[in-house]
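Notes follow the structure.
The values are calculated or read from the model by the stated rules, or taken from the named source; none is laboratory data. Note that this is a predicted model, so its numbers are computed, not measured. Using ideal geometry, Cβ is built from the backbone for each residue, glycine included, and neighbour counts are taken over all protein chains shown. Quick note on the areas: whole protein, heavy atoms, side chains included, nothing else; ligands and nucleic acids left out. Shrake-Rupley method; radii C 1.70, N 1.55, O 1.52, S 1.80 Å.
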Amino acid sequence: MIVKLLHDKGLRSEHANTIACLTIGLSVASWVTSMKVEPAGIDRADRWGIFIATWPATWFGLGQALAHYERADELLEDT
């Protein structure tokens, strides 16, 4: 139901996949920034990097679910 709601609101699979790719870069950027800026050292930097690294899988999965709705829309338009 949530994916259908997002699809109806205009979120498309391309948007979700783009966000997923951006979060990969964000993970690396947060790791580097945390390592250089925070005095806590590499342990906290690793935690930040791993925390943000869990996001791409969620966004790629959402992109696949949205693609399912997009294919269903295309089939309805063809008939």
Six or more apart or on different chains, Cβ under 8 Å: which pairs go from a residue in the range 3-25 that's over 23 Å from Ala53 (Cβ atoms) and modelled with pLDDT of 95 or more to one that's assigned to a helix (DSSP H, G or I) and acidic (Asp, Glu)? Could you list them? Arg12/Glu70
Matching residues in the range 1-17 - criterion: being open to solvent by 80 Å² or more (accessible area, probe 1.4 Å) and part of a helix (DSSP H, G or I): Ile2, Lys4, Leu5, Asp8, Glu14, His15
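Looking at Ala45, Ala29 in this structure, which one is under 16 Å from the mean Cα position of the chain (by Cα) and in a helix (DSSP H, G or I)?
Numbers: Ala45 fails: under 16 Å from the mean Cα position of the chain (by Cα).
Being under 16 Å from the mean Cα position of the chain (by Cα) and in a helix (DSSP H, G or I) holds for just one of Ala45, Ala29, which is Ala29.
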Do we have any residue at all in the range 51-70 that's touching a residue at least 40 places away in the same chain (Cβ under 8 Å), charged (D, E, K, R) and open to solvent by less than 90 Å² (accessible area, probe 1.4 Å)? yes
